[in-house]
1. For residues in region 172-192 being farther than 20 Å from E140 by Cβ, within 20 Å of the chain's Cα centre (by Cα) and not charged (D, E, K, R), which is modelled with the lowest pLDDT?
2. Identify, by number, the condition in (1) modelled with pLDDT under 95; (2) over 23 Å from R165 (Cβ atoms) that D304 doesn't meet.
3. One residue is enough: does region 54-63 have a residue meeting the conditions assigned to a helix (DSSP H, G or I), buried (at least 18 other Cβ atoms within 10 Å of the Cβ), in the same structural domain as E121 (by TED's automatic domain parsing) and out of contact with any strand residue (DSSP E or B) (no Cβ under 7 Å at 6 or more places or on another chain)?
4. Enumerate the pairs (first residue in region 288-306 and free of Cβ contacts under 8 Å to residues at least 24 places away in the same chain; second residue anywhere and acidic (D, E) and exposed (fewer than 15 other Cβ atoms within 10 Å of the Cβ)) with beta-carbon separation below 9 Å, excluding pairs fewer than 6 apart on the same chain, so at least 6 apart or on different chains.
5. Out of region 311-320, which residues are surrounded by fewer than 23 Cβ atoms within 10 Å (Cβ to Cβ), assigned to a helix (DSSP H, G or I) and touching a residue at least 24 places away in the same chain (Cβ under 8 Å)?
6. Scan region 15-31 for residues that are without any contact (Cβ under 8 Å) to a residue 60 or more places away in the chain, touching an Asp or Glu at 6+ places or on another chain (Cβ under 8 Å) and within 30 Å of A233 (Cβ to Cβ) and jot them down.
7. Among residues belonging to region 331-346 that are in a helix (DSSP H, G or I) and out of contact with any Asp or Glu (no Cβ under 7 Å at 6 or more places or on another chain), point out the one that is modelled with the highest pLDDT.
8. Conditions first: (1) out of contact with any Phe, Trp or Tyr (no Cβ under 9 Å at 6 or more places or on another chain); (2) in the same structural domain as A198 (by TED's automatic domain parsing). S331 passes all but one, so which condition is the exception?
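The values are calculated or read from the model by the stated rules, or taken from the named source; none is laboratory data. Quick caveat: nothing in here was measured; it's all calculated off a predicted structure. Reconstructed Cβ throughout: ideal geometry from the backbone, glycine too, with neighbour counts over all protein chains shown.
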Amino acid sequence: MRKVLIVDDEPWVAYGISQLIDWESLGFQVIGEAYDGVSAWQRVLQEQPELVISDIRMPGLDGLELLEHIQKSGLSTQVVLISGYADFSYAQQAIRYGAFDYLLKQVEQDQLKDTAKRVGEYIDARKQPAAGELDLLLDELFELLDPDNRVTIAGFMENRQLSTRFPHFRFINCLFAEASTDWPALTSPAAAGHIQEARMRTGHNKLSILLMYDEDNYPLDLLTYISDYLQYAEWTGISSQGLPETPLARLHQEADIALFSSALYRTEQVLRYKPASPPADLRKTLLRLEVSIKERNMDDIAADTASIAAVCRSCLLPADQTAFVYNQIVSLYYKYCGSSWDSGPELLTYENIARQHCTLEELFARLASGFENAAGEPAVNPSGLAKRVLDYINESFTEDLLLSEVARNFRLSIGYASALVKRETGSTYTEYVAAKRLQLARQLLADPELSVHEIVQRTGYKDYFHFNKLFKKHFGVTPSKYRKL
């Protein structure tokens, strides 16, 4: 059932429209009424109705401004505007802003019924692109935003036959709690006021936006845009400022690092990218930690890793640099402890670290506990344990299953669980799960009815680009190109 929201600053008018026709017979459900534009906009963001019927003249945020907000947000919500004035200029503005229709008060029953019917038919006609078409869009994005791609913003605009009057560019990457069916795979830039944007769906619950604006003359527009249109994003990362000659992929990667830094530290919902390297006191602590590891001093190892986590948090070290520090400690493990136990901690990317569902301090504490396990874990498995663990992983590998959850389910330490998987499969836990998912993806690619977008979700990945990089690394080509072989 499609949702419809009715907006009018006169409650009796809004109620009258809600009762004027049999909405359910036309496939609509009235989800409520709003009596001003601001509260209507909040309802639209929260409930994403398919249809909004709104008066034009309202306090705070009028109907035309509400329509403009909806258009700029990228939602597919259709808007029918109602006015008590037969004013041609209003009608012109309504059509220019993308209104589905423009009705005059008093709205007649047959007129409203006909409009609702046409909206329903229009929504039904807007089918998702065929699998092949969507694959082309995703493949284009994969190539375009690959960190090694040197295509500039100007080149991107020229190749897509687009133009902009704005001199400055930034990428904004966002993670949402849930995916929205209204996000397109790729949309062309649309301008409104002093902002122009190109939206790209880059993950199941991830949105990337190339923003074009004039920071010199309108310095507050960026913050206004984020507060107005991205307020429901859980975490948001903003790149540095780019110019036409700036590589597009570089800005996207900067926004990604800022995004996952925001998700990692969980103190700032919105973070801007700032290039940084580990501070000097952090490097000193790493040297001290190496001595502690070499001497197998577990108390000092725990204290040093906790100190490293604290320094990372205090300076909000970017996620890529935090991953670099983390992996340095992992390398120290294998340098001094690797031979005493079958498997230790795994090297992690900054995306992996941010998706661990634990705090930074907990992550480094686990790393410290791995050294203790290396010193004293027995290498004997209880009867049948390995089979039970692998059976559990094989049944759940398409879910967002962390090694810590596997270990907890079988009452094992993370180090022991990691070693068990490595000993039985010859691969780390991450490698084993990735291989299972990629083999499933290869099988699903044989079905031409499934888009790569759907396959990514079925195999358990949420980030299209992470999936694409793994698939290309494993099989040598992108999923879309593999399908054509």
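1. Among those that are farther than 20 Å from E140 by Cβ, within 20 Å of the chain's Cα centre (by Cα) and not charged (D, E, K, R), it is T181.
2. D304 satisfies all of (1) modelled with pLDDT under 95; (2) over 23 Å from R165 (Cβ atoms) except (1).
3. No.
4. Sorted first by the residue in region 288-306, then by its partner, the pairs are S292/D299.
5. V311, R313, D320
6. Selection gives I31 alone.
7. Going through the qualifying residues, I end up with S331.
8. (2)
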